[in-house]
Amino acid sequence: MRHTIWTLVLLLSPGAFLMARDGNLPRPAPPDTIGAWKLSSPEPQAITAESIFEYMNGAGELYLAYAFRGLDVWRYGHQDTTITVEAYEMDSPEDAFGVLSQDLGGENVGIGQESVYVGGLLRFWQGRWFFRILAETETPESRAAVLELGRALAAQIPAEGRRPKLLERLPREGLTSESIHYFHTHLCLNSLYFFAVENILQLSEQTNAVMGDYHLDPQSASLLIVQYPSTASATIARDSFRGKLLANLAVTPEPIELARLESGEWIGLRLEGCYLVVAFRSRSRDLCERLLKAVILTKRGAQQ
């Protein structure tokens, strides 16, 4: 099977192999032509952590927040339409999924391990790689070329990665699949939901976090689970969050802490070991409490 995959790669991209930045595995490279589109140069534009802000205004921080290792960019031309291929090398499959999870809205076109397509833009992840393939103008022909490019690149990465294990902590009932997000830092959280300018949850590259939206008619809420390096750091984050957002509010006693904000929405906290769970964005106290209790954080008495 491994030999078959490498043969397919060679057929798709003759002579186009690039070595990975750690020198151990080949990097994906697109074919010279795809439909009527021709590659402008076989050598990619190489983007590093130092040059990413020159390449993209403002968005570079997002990729750096997911252990970004490098980016290769190719461009195809045909008449007045350009197709741009971006291959982001991340430090882990979990981070590649995390970048995609910033926006899961769109059509699932079955490319890579998970993909979304909308308006000429294909985004997908495979192993520790995240891809963006964009046609400036969407036509039936450019759509077909974008999807074919995606399939060609995904086929070059034989090793699949697993989704972040922390996602398994999100209760399934009522969860909206396209609302699922995986991230590490305060920057990423604020791009999804704004709690405060300050990093009141003490998020960092050493924390793992998942978030999702729940709809249990007629009620709705959002749930955030953060895994900290230690119980002590989780406790500090809980105290920081509680002190900044829940000060002067009536809060129910632990282990399930619930409070009603001035906006009328309910918010809830649950601290267990190195995990902090937050239920928020809900008009229902009952749903907040129900979601907090539904999160399973231990197995056979040991934290997982």
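Could you calculate the contour length gain from Val109 to Ile236, that is, 0.36 nm times the residue separation minus the distance between their Cα atoms, to one decimal place in nm?
41.4 nm
Would you look at the GNM of the chain, springs on alpha carbons closer than 10 Å, and say which of Ala152, Ala36, Ala221 moves the most?
Residue with maximal mean-square fluctuation among Ala152, Ala36, Ala221: Ala36.
For the stretch 270-286, list residues with backbone N below 18 Å from a point placed 7 Å from the Cα of Glu254 toward its Cβ?
What the label zone holds, given the 18 Å backbone N cut-off, is 270-279.
Cα extents of the stretch 62-108 along the three principal axes, largest first, in whole Å?
Principal extents (largest minus smallest coordinate, Cα): 38, 26, 16 Å.
What distance in nm separates the simple spin-label points at Ser220 and Leu261, each placed 7 Å from Cα in the Cβ direction?
Going from the Ser220 label point to the Leu261 one covers 1.5 nm.
For the chain, which DSSP H helices look membrane-span-like by this rule: Cα extent along the axis of 15 Å or more and mean Kyte-Doolittle of at least -0.5?
Qualifying helices, which must be both long enough and hydrophobic enough, are 2-12, 140-154, 231-245.
Rank by packing, highest mean first: peptides 61-67, 123-129, 275-281, with packing defined as the count of other Cβ atoms within 10 Å averaged across residues.
Answer by packing, highest mean first, reads 123-129, 275-281, 61-67.
How large is the direction-averaged shadow of the alpha-carbon convex hull of the chain, in nm²?
For the chain, the mean projected area of the Cα convex hull comes to 18.4 nm².
Mind ranking 283-290, 251-258 by how tightly packed they are, going by the mean number of other C-beta atoms within 10 angstrom, highest first?
283-290, 251-258
Using +1 on the beta carbon of Lys and Arg, -1 on that of Asp and Glu, and nothing else charged, what's the dipole of the chain about the Cα centre, debye to 20?
920
Need the full-extension length gain, Lys244 to Ser41, defined as separation in residues times 0.36 nm minus the C-alpha distance. One decimal, nm.
Gain on extension, Lys244 to Ser41, equals 67.8 nm.
By its C-alpha gyration tensor, with a ≥ b ≥ c as the square roots of the eigenvalues, how is the stretch 159-249 shaped: rounded for a/c under 1.5, else prolate for a/b larger than b/c, else oblate?
oblate
Contact order normalised by length for the chain, with contacts defined as Cα pairs under 8 Å and 6 or more residues apart; what percent is it?
It comes to 12 percent, rounded to a whole number.
Computed from the coordinates by the stated procedures, all read-outs in this text should not be read as laboratory data. Here the structure is a predicted model, which is why all the values come from computation and not from measurement. So basically every Cβ, Gly included, is an ideal-geometry build from the backbone, and we count neighbours across all protein chains shown.
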